[in-house]
1. Can you tell which of 59, 87 is in contact (Cβ under 8 Å) with a residue 40 or more places away in the chain and either touching a helix residue (DSSP H, G or I) at 6+ places or on another chain (Cβ under 6 Å) or assigned by TED's automatic domain parsing to the domain that holds residue 143 (or both)?
2. Report whether or not residue 160 is free of Cβ contacts under 8 Å to residues at least 40 places away in the same chain and surrounded by fewer than 21 Cβ atoms within 10 Å (Cβ to Cβ).
3. In region 150-182, how many are touching a helix residue (DSSP H, G or I) at 6+ places or on another chain (Cβ under 7 Å), closer than 22 Å to residue 55 by Cβ and at pLDDT 95 or above?
4. If you check residue 18 against the conditions, is it at pLDDT below 95 and surrounded by 11 or more Cβ atoms within 10 Å (Cβ to Cβ)?
5. Taking region 141-156 only, how many residues are outside any strand (DSSP E or B) and surrounded by fewer than 18 Cβ atoms within 10 Å (Cβ to Cβ)?
6. Name the single residue, out of those in region 173-197 being over 14 Å from the mean Cα position of the chain (by Cα) and over 10 Å from residue 211 (Cα atoms), that is surrounded by the most Cβ atoms within 10 Å (Cβ to Cβ).
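The values are calculated or read from the model by the stated rules, or taken from the named source; none is laboratory data. Predicted model only: the values in this text are computed from it and were never measured. Cβ atoms come from the backbone with ideal geometry, glycine included; neighbour counts cover every protein chain shown.
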């Protein structure tokens, strides 16, 4: 068999074996990484406002529903993340909420958006991490009604930090806008990722304000 023919046969065989291996064992891994590597355009981005996930959650559940946390994550962009295959800066990659069904006292439910269509899927129970009745009674997260949350206040806060952010980072981007529990209350939290002007190194920063936007709970946008 001539050498080029043997080489072509080897390449075809390797490709076939690789495809079989992927179909048998890699499908779960591919699904797990789909949020990072699926470069289809996302339905929403920071251009729709940093509180876009909060507004979509409110529209889906209504103002009276009580929630324990809301998570929205955004791509920092290839330059800042150091990943040329990453999503464009500002693309919303995750929008998720843990909430209590009205009139129910059972486990919390999680509602998650498909970032490409902008549609929410079916709610699923939030896993209970308590290992005993006592642990379960003390691990119940605090809840707050959606009507009490105004995530737009975070945008006002971040705008006031803009000049200092630009002095600290040669480039920076919002990575997360969240409703997070802090003790028995809730805060609105913003996460940023930036490239330090002093060294070019990547650094995470974060800050939180009260739900009414009147108080800064902590501010580590520029490092601790």
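1. Working: 59 fails: in contact (Cβ under 8 Å) with a residue 40 or more places away in the chain.
After applying the criteria, what remains is 87.
2. When the stated conditions are applied, residue 160 passes them.
3. The total comes to 3.
4. Yes; evaluated as a whole, the condition is true for this residue.
5. Residues that pass the stated criteria total 10.
6. Selected residue: 194.
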